[in-house]
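The structure under discussion appears below in the form of structure tokens.
The values are calculated or read from the model by the stated rules, or taken from the named source; none is laboratory data. As the structure is a prediction and not an experimental result, all values here were calculated from the model. Don't worry about glycine lacking a Cβ; one is built from the backbone with ideal geometry, like all the others, and counts go over all protein chains shown.
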Amino acid sequence: MSSEFSALLILLVPFAGAALVPLLNLLSPRIVPAFAVLVGLASAVIAFFLPFGMKPGVYFSYEVLPGVFKTGLLLDTLSIVPALIATWIGFLVLIYSIGYMKKEENLSRYYSLVLLFIGSMVGMSLSDNFLSLFFFWEVMGVCSYLLIGFFYADPKAAAAGVKAFIVTRIGDVALFGAILILYVLSGSFEISANLAYASKIGLPLLTAISFGFIVGAVGKSAQVPLHVWLPDAMEAPTTISALIHAATMVNAGVYLLARVHPLLAQVPVSVETLQWIGAITALLGAFLATFNNDLKRILAYSTVSQLGYMVFAIGVGGVFASQFHLFSHAIFKALLFLCAGAVIHELGTRDVREMGGLNKEMPLTGMAFFVGALALMGLPLFNGFFSKDMILEQAYEHNSFGPLSLAVIAAVLTAFYSLRTTAMVFWGQQRNTKHVHEAPASMTTPLVILSIGAVFSWLLIGRITASWSLSGFEGEIIGWKALAHETFVSKAFMMTAGAIIAGYLMYMKKTAIGNFLGSKLPVVGKSAGIGLGFDAVYGGFVAFVYGFAGFARNIWEEYIMEGINKVTGAVAVLSSLLARKMQTGDIHWNLVYIVITLIILLGMVL
Amino acid sequence: MNLLPLIFVLFGLGVFCLVTKHNLVKLLIGLELLGKATTLAIVWSGVLKNTVAYNQSLAIVIIVIEVMVVAVFLGLIYAFYQQSNTLDTEELRRLKG
């Protein structure tokens, strides 16, 4: 199977599957999960064939509107990596869903949307033009809204879905604006044509365009200050959280930034902005994760933090580093979420303070979570270590020490909260009386696969870099041995290792630190507990807009529009009072008027 | 021969009839007088312009239309009479503004 053919199939299979699920549900609801898993497997297998014999370029180009818009499939390493991640993680999530969602209602809606979600992520990454990229981007937004609010009977879930939809919409508007400006200037939606054209655009306009892309990615990838939707999205089923965080939604923004990086690189200020946004997001996410007690929210904030690293990497020019971290992060974050799902499934609570000692009853899940946490904190020989180290190395070479220091502090906090969460959930004494069991095989199988991935995925570096340079991106081909060697001798290794050690020391002294913060600086924990007040500020802003809009509406409706109505009414009454005198009701007088008019008209003609 | 005086006389009689009479049937007669004056004027203009055949066909169309006008007018008169038991136009003054 050639890569072009599988590219066409991989776009069709998930969508066809999503369309067929409701029909199959009419036949028999019991076969729906199995069918969805089969579709997931099919797309994953097809995606597996994408890199083979791949010649970078555009395939299946089709002119939708001749001369205006043509769409095709773009195949290069940058586009294939997100597609591979989406299909494989999606497939594992689908397997896991069989066990996790067994008791839920409306499963056809769930499986159909998951397949649509995966398909649109693949479609977005394989789009060769901004218009279809934006289309799939929006389909993903709709899917995320529907899936976050899957338990729509719960008002919190419904509100979280709406919040995710609205907050990401801010970025979408900016992205669409950037796409339209580019189209007006270059007359084309094609990505490669636009990137080539970018050097001819004046700096002010190019800055506006690049900021449109940045805001779009900030919304989708949950960067500061639009990160607020991601923690709330935890109301979704845990499988959906894993899907959003690892496979689809949030990767889209990072992918977009990597894709338009040649354009961004021409605007120094936007690169600077990316660095600071990324570093601040990394630090803020780690900080908030440290102070949270909701297992899923901890993971959500850690996603925010890791996405910050990726954006930071793009800001310092490390496009490959960001994509490598995206790859690693997808694996270990999916692993962490699925473990959390198994725990929540058994315990029925998300509060880590009510967990503890689960290693005895759930050894497999405990091991998997620990592996994921080690990869997240970047312990050497786990995949997160290599990619995070590469990002820090890139930043070091780029001499952006300000954001770099923030990122290193974030790494310290990451090590701390990873250990803390693992310890709270799996180690020590059990703090509740519930009797828990290990999850069923359909749920543990993906955990095992993902654990293996979290330890060994970095060995694929040689293959990835080879196809990366084949696709015409900068960078040398390095094998895994070279990567390991380079990583351990790099200056960034000192930072990574130092961060882990500092995090470990912090963890050891956590009671002392906690007592100090609790007694001397209670404001820190309190403000972190409410997400540093971002929600309050946005809520206040929204309330203000609502209030102002209500006030303006009142003025407009009750005074201006109503006033116009009253004036027109009065004019009509007055004019009719004047005009009614002409209606005598006497047919003879009417005739006299007619004759007089006739005479006048005749006089005018003659 | 000149038909113009006859046309004016007929037209004037029709207008006079319509303006002064209060009986609906008389009004109809006045209207018919007006119509006949118009028909004659059209035929006479054909003679003057030397397009007799064309104007005659126009006159036939007018006659046909007048038939319908008479039918509708008589129908209205009949309905009015049933409603108010009179033919006096003073009864129609309810339309006064």
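So here's what we get for this one:
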| quantity | calculated |
| --- | --- |
| Residue pairs meeting the criteria (Cβ under 6 Å; at least 6 apart or on separate chains; first more than 13 Å from A:Pro237 (Cβ to Cβ), in region A:146-162; second surrounded by 15 or more Cβ atoms within 10 Å (Cβ to Cβ)) | A:Lys156/A:Glu235; A:Ala158/A:Gly149 |
| Hey, B:Ile7 in contact (Cβ under 8 Å) with a residue 12 or more places away in the chain, crowded, with 16+ Cβ neighbours inside 10 Å and within 13 Å of another protein chain (Cβ to nearest Cβ) or not | no |
| Members of region B:53-78 found to be of a type in the set (Val, Ile, Thr) and surrounded by 13 or more Cβ atoms within 10 Å (Cβ to Cβ), listed by number | B:Ile62, B:Val69, B:Val70, B:Ile77 |
| Hits in region A:513-542 (condition: among the hydroxyl-bearing types (Ser, Thr, Tyr) and modelled with pLDDT of 75 or more) | A:Tyr538 |
| Test: B:Val25 is under 16 Å from the mean Cα position of the chain (by Cα), away from every other protein chain (no Cβ under 14 Å), at negative phi and in a helix (DSSP H, G or I) | no |
| Matching residues, region A:323-350, being closer than 15 Å to A:Ala247 by Cα and of a type outside the set (Phe, Trp, Tyr) | A:Gln323, A:His325, A:Leu326, A:Ser328, A:His329, A:Ala330, A:Ile331, A:Lys333, A:Ala334, A:Leu335, A:Leu336, A:Leu338 |
| Leading residue by the ranking (farthest from the other protein chains (Cβ to nearest Cβ)) among those in region A:554-606 that are over 17 Å from B:Phe11 (Cβ atoms) and polar (S, T, N, Q) | A:Asn554 |
| Single condition B:Gln83 does not satisfy, out of (1) of a type outside the set (Phe, Trp, Tyr); (2) more than 17 Å from A:Leu591 (Cα to Cα); (3) modelled with pLDDT of 90 or more | (3) |
| Any hit, region A:370-393, residues being surrounded by fewer than 19 Cβ atoms within 10 Å (Cβ to Cβ) and among the acidic types (Asp, Glu) | no |
| Sole residue being part of a helix (DSSP H, G or I), over 15 Å from A:Met140 (Cα atoms) and of a type in the set (Gly, Ala, Ser), chosen from A:Ala217, A:Ala164, A:Ala174 | A:Ala174 |
| Search result, residues across region A:219-247 that are β-branched (Val, Ile, Thr) and over 19 Å from A:Gly372 (Cα atoms) | A:Val224, A:Val228 |
| Residues located in region A:305-334, provided they are buried (at least 24 other Cβ atoms within 10 Å of the Cβ) and within 16 Å of A:Thr248 (Cβ to Cβ) | A:Gln306, A:Leu307, A:Met310, A:Gln323, A:Leu326, A:His329, A:Ala330, A:Ile331, A:Lys333, A:Ala334 |
| Pick from region A:410-448, criterion of a type in the set (Val, Ile, Thr) and within 24 Å of the chain's Cα centre (by Cα), ranking: surrounded by the most Cβ atoms within 10 Å (Cβ to Cβ) | A:Thr414 |
| Of residues in region A:190-204 being in contact with a Ser or Thr (Cβ under 8 Å, 6 or more places away or on another chain) and in contact (Cβ under 8 Å) with a residue 40 or more places away in the chain, the one surrounded by the most Cβ atoms within 10 Å (Cβ to Cβ) | A:Asn194 |
| Selection status of B:Ala59, within 14 Å of chain A (Cβ to nearest Cβ) and under 23 Å from B:Val15 (Cβ atoms) | no |
| Any hit, region B:74-87, residues being under 23 Å from B:His22 (Cβ atoms), part of a helix (DSSP H, G or I), β-branched (Val, Ile, Thr) and more than 14 Å from every other protein chain (Cβ to nearest Cβ) | no |
| The one condition in (1) closer than 28 Å to A:Thr273 by Cβ; (2) crowded, with 17+ Cβ neighbours inside 10 Å that A:Phe150 fails to fulfil | (1) |
